[in-house]
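Heads up, the thing below is written out as structure tokens.
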Amino acid sequence: MARIDLVDLAHSYGGNDAPQESFALKPVTMTWRQGGAYALLGPSGCGKTTLLNVISGIITPSRGKILFDGKDITPLSTQKRNIAQVFQFPVIYDTMTVGQNLAFPLKNRGVPKADIDRRVAEIGRLLDLEPYLNRKATRLTADAKQKISLGRGLVRSDVAAVLFDEPLTVIDPELKWQLRSKLKALHRELDLTMIYVTHDQTEALTFADTVVVMHDGRVVQSGTPAELFDKPAHTFVGYFIGSPGMNILPAEVRGREALIDGHVIALNRSYDNLPAGAKIEIGVRPEFVEVVAPAPGLLTARIERIDDLGRIRFARTRLGDAKLAARAPAGFTSSDGSAGLKFDPSHVHVYADSLLVEGAA
Amino acid sequence: MDKTVNQKAWFLVLPVFLVVAFSAVLPLMTVVNYSMQDTFGNNQFFWNGVGWFKELLDPSTDLGGRFLASLGRNLFFSLVILAIEVPLGIVVALSMPREGWTVAACLIILALPLLIPWNVVGTIWQIFGRPDIGLLGYVLNAIGIDYNYVSNEVDAWVTVIVMDVWHWTSLVALLCYAGLKSIPDAYYQAAQIDGASRWAVFKAIQLPKMNRVLLIAVLLRFMDSFMIYTEPFVVTGGGPGNSTTFVSIELVKIALGQFDLGKAAALSLVYNLIILIVCWIFYTVMTNAGVERKVQTESEPAAEPKPSAALKPVPALKPKEGVA
């Protein structure tokens with residue numbers, strides 16, 4: 001139970017002298033509050049596992065400090081840090097019973113037997129492992145094994161945080177859903193700080209109250225799922241979160257107007273002080289663009305296909321060289337394959353060099 | 001599993017069968033033939049039935065006494081070297097580096113003794129241990145230890161055992177190292193997180209993951225040490241007295257020294273049989289271990305006593321929020 005602070009933390013597998021662009025984890029300063037449910041989201045190779053291993057002590061960072069409740073624990077070994085971690089693939093001590101597996105982290109720390117038994121029984125109950133506690137931990141399904149791994153992560157009540165490194169990769173989708181809900185419930189029940197690494201946005205958005213998006217070794221945004229959806233701080237976040245991702249279009253922005261192909265798109269805020277020479281783009285989620293019949297004054301796009309996702313339809317369109325997805329209202333058809341685009345001004349964001357620009361009211 | 005039954009496939013086995021018949025079965029039959037007869041040279045043979053076998057298993061006779069004594073020595077030798085080489089091999093494997101150029105260096109150094117021919121190993125130790133010119137023997141005597149493997153039985157035994165440990169511990173170590181290398185890093189990381197001590201890591205992870213290769217190592221070392229001939233023959237020649245005369249040395253003495261073909265044939269058949277039986281026991285144990293493993297993977301769903309209970313979340317904990 002602790003607040004975790006990362007202070008100018010960075011890691012390079014090539015040593016500290018390597019150019020900073022090659023760092024697996026670029027300098028980051030941030031705080032994880034006690035009791036939070038965090039998701040660390042990003043594509044493969046973006047440095048999220050590195051960050052996790054740095055926090056747990058498996059990797060010693062090449063730069064910066066980690067503080068647990070203000071105490072610098074950077075030089076401490078994993079054993080001495082008060083942290084639990086669950087790995088991508090289940091790790092089972094297969095000479096032991098399920099119960100002994102759960103008790104292992106406690107036993108190693110010399111917890112009294114009565115406390116161990118109580119704690120193992122509790123975690124066994126929470127994870128529905130009760131009927132197996134006295135069975136050998138072999139001959140179990142992948143999800144049962146991963147539940148044991150999860151249990152070993154959760155069994156210590158005094159940990160600063162429990163880290164999950166894509167723990168549900170090996171689980172079938174149906175069970176994945178159940179286990180994730182279970183984790184969420186456990187988080188409420190046990191009052192532990194949890195950090196959950198994943199490259200699956202659904203997983204991140206359903207599990208966490210705060211999602212930390214990483215891209216190319218950098219933390220690009222951290223916020224609630226709603227914030228990430230409504231106001232992506234970086235074009236990558238817009239593109240990575242949401243399905244389909246945010247439309248990013250190069251545009252000329254002046255005041256309260258954006259110009260694309262000579263067509264004016266209204267903006268809700270005023271952007272007068274955009275940095276000179278920066279690459280200016282506008283970003284808008286497909287949910288907030290509508291395809292309608294072509295009309296004068298509307299940007300015209302060519303429809304390539306319409307994806308029917310059941311409760312919503314998205315038109316995949318082409319705008320010159322750029323691709324754009326837009327909501328297709330019920331009953332919309334296009335005779336000649338062209339359509340007009342109607343933007344919702346309150347959800348059109350402006351990006352300079354990929355970073356969100358806050359306009360003036 | 002539906003397999004096509006085609007008895008013609010037996011013809012494919014025929015060539016191998018013929019080769020084996022000529023190379024193994026026919027020579028073995030001559031041995032069986034000899035074991036039932038007695039000869040006084042001149043190619044004259046007399047029928048002796050199971051006489052040699054009776055004598056062989058009766059300690060009061062000369063043949064039986066010598067056979068059983070050497071068998072006892074041989075078993076003792078095998079047990080001693082297993083008791084030394086297996087733990088030592090594990091320790092060596094555990095202390096080897098896991099990555100870097102030192103891995104290659106260690107592997108080469110470990111492999112060296114295995115590449116030396118048996119009788120060269122014997123010669124090395126025979127000279128090494130000589131009190132007059134051997135480095136080991138001379139140094140031991142110089143510091144006041146009265147060491148002479150030619151005259152002292154204990155010294156002879158120690159020499160033969162140390163020589164075998166030197167020659168073969170590498171094999172156990174290499175096998176164990178291969179077993180250790182196959183353990184994914186995640187296990188060690190998880191153990192670190194779980195706060196496991198070095199000993200707990202060994203007991204909970206490394207030893208269980210090594211048990212297959214250890215079985216193979218024990219099998220190989222047992223068979224090899226049980227059939228040992230060259231090295232002790234070169235170093236001690238079975239002496240002093242008969243103290244290091246193992247079964248194979250005894251066999252050669254009878255067959256080639258005394259030219260008692262009947263006795264030697266009977267002895268080799270029994271010797272062979274013992275090895276076969278031990279082999280079979282090991283094989284059964286090992287395949288049983290394998291079957292158990294296979295059952296684990298194949299019958300996973302069936303192995304769950306209450307699969308549905310395991311999957312359903314406890315009602316009280318059912319998440320309130322729906323699909324996000």
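Values quoted throughout were computed directly from the atomic coordinates according to the rules given, and no laboratory measurement underlies them. Just so it is clear, the model here is predicted, and its values are computed rather than measured. Quick reminder, even Gly has a Cβ in these numbers, built from the backbone with ideal geometry, and neighbours come from all protein chains shown.
Structure summary
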read-out: Rg/Rh ratio calculated on Cα atoms of chain B (Kirkwood radius); value: 1.11
read-out: Debye, to nearest 20: dipole size of the protein assembly as shown, +1 on Lys, Arg Cβ, -1 on Asp, Glu Cβ; value: 1260 debye
read-out: Dipole of chain B, positive direction: furthest Cα of B:272, B:180, B:128, with charges on the beta-carbon; value: B:180
read-out: Chain A shape via C-alpha gyration tensor axes, a/c threshold 1.5; value: prolate
read-out: Cα-based equivalent ellipsoid of the range B:167-208: semi-axis lengths in Å, sorted from largest, via gyration tensor; value: 24, 11, 6
read-out: Chain B - percent relative contact order, Cα under 8 Å, separation 6 or more; value: 24 percent
read-out: Dipole axis of chain A (+1 Lys, Arg; -1 Asp, Glu on Cβ), positive-most option in A:83, A:229, A:44; value: A:83
read-out: Where only alpha carbons of the range A:1-104 are counted, the Rg and the Dmax (Å); value: 15.4, 48
read-out: Overall dimensions of the range A:148-223 as given by Cα atoms, namely Rg and Dmax in Å; value: 12.6, 35
read-out: Charge dipole magnitude, Cβ of K and R +1, D and E -1 - chain A, Cα centre, debye nearest 20; value: 1160 debye
read-out: Selection from A:354, A:343, A:301, by position along the positive dipole direction of the range A:267-361 (Cβ); value: A:301
read-out: FRET efficiency, 1/(1 + (r/R0)^6) with R0 30 Å, evaluated for residue A:71 and residue A:97 via beta carbons; value: 0.25
read-out: Crossing angle, helix A:113-126 versus chain A [Cα axis fit, 0-90 degrees, rounded to tens]; value: 30 degrees
read-out: Residue order, fewest to most surrounding Cβ atoms within 10 angstrom, among A:143, B:260; value: B:260, A:143
read-out: Gap separating the Cα centres of the range A:106-150 and the range A:253-277, nearest whole Å; value: 59 Å
read-out: Folded to 0 to 90 degrees: helix A:98-108 orientation relative to chain A principal axis, Cα; value: 80 degrees
read-out: Sorted largest first, extent of the protein assembly as shown alpha carbons per principal axis (Å); value: 122, 70, 53
read-out: About the Cα centre, charge dipole magnitude for chain B (Lys/Arg +1, Asp/Glu -1 at Cβ), debye; value: 1160 debye
read-out: MRE, 222 nm, helices only [DSSP H, n ≥ 4, -39500 (n - 2.57), over chain A, to nearest 500]; value: -7000 deg cm²/dmol
read-out: Computed label-point distance, nm, for sites residue B:30 and residue A:18 using a 7 Å Cα→Cβ extension; value: 6.9 nm
read-out: Distance in nm between pseudo-label sites at residue A:157 and residue A:202 (7 Å out along the Cβ direction from Cα); value: 3.6 nm
read-out: Total formal charge among the other residues, if their Cβ is under 11 angstrom from that of residue B:165, Lys/Arg +1 and Asp/Glu -1; value: -1
read-out: Computed E for residue B:54/residue B:79 - FRET, C-beta separation, R0 35 angstrom, nearest 0.05; value: 0.80
read-out: Order of A:89, B:40, B:67 under a 10 Å beta carbon neighbour criterion, fewest first; value: B:40, A:89, B:67
read-out: 0 to 90° range, to nearest 10: angle between helix B:62-95 axis and chain B longest Cα axis; value: 30 degrees
read-out: Proximal charge balance of residue A:219 [Cβ under 10 Å; K/R count +1, D/E count -1]; value: +3
read-out: Fewest-first ranking of A:50, B:102, A:74, using other Cβ atoms within 10 Å as the exposure measure; value: B:102, A:74, A:50
read-out: Average Cα contact separation per residue, chain A, under 8 Å, 6 or more apart, as relative contact order %; value: 16 percent
read-out: Förster radius 25 Å - calculated FRET efficiency between residue B:181 and residue B:112, Cβ distance, rounded to 0.05; value: 0.80
